[in-house]
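Data first, discussion second: the structure below is written as structure tokens.
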Amino acid sequence: MKWRRLWRRRHGGRTPGQAAADRALHQAREERHETARRGREVTETAGQLREIRERNHFAEMFRQSLEGRGT
């Protein structure tokens, strides 16, 4: 067993632990990129919702001023 590990290291082979670590690193990188992509979408959607909320707020204030209730 010990000789196999030494042979792999000297001849460029990867141990099972190294292969698992490489797969985990690859998956983490993919997930990070997906999160960054979705983060931009969330930011855009939040901006759109903020604009809608502000329009509704000003429409409500205008409606109240016409009805004489004022704020």
Are there any pairs with C-beta distances below 8 angstrom linking a residue in the stretch 42-71 that is among the hydrophobic types (A, V, I, L, M, F, W, C) to a residue that is open to solvent by 100 Å² or more (accessible area, probe 1.4 Å) and not in a helix (DSSP H, G or I), with the two at least 6 apart or on different chains, and if so which? MET61/THR71
Output for the stretch 52-71, where each listed residue is surrounded by 10 or more Cβ atoms within 10 Å (Cβ to Cβ) and among the acidic types (Asp, Glu): GLU54, GLU60
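The values are calculated or read from the model by the stated rules, or taken from the named source; none is laboratory data. Computed from a predicted model, the values in this text were never measured in an experiment. Cβ atoms come from the backbone with ideal geometry, glycine included; neighbour counts cover every protein chain shown. Please note that ligands, DNA and RNA were not included when accessible areas were found on the heavy atoms of the full protein model with its side chains. Shrake-Rupley method; radii C 1.70, N 1.55, O 1.52, S 1.80 Å.
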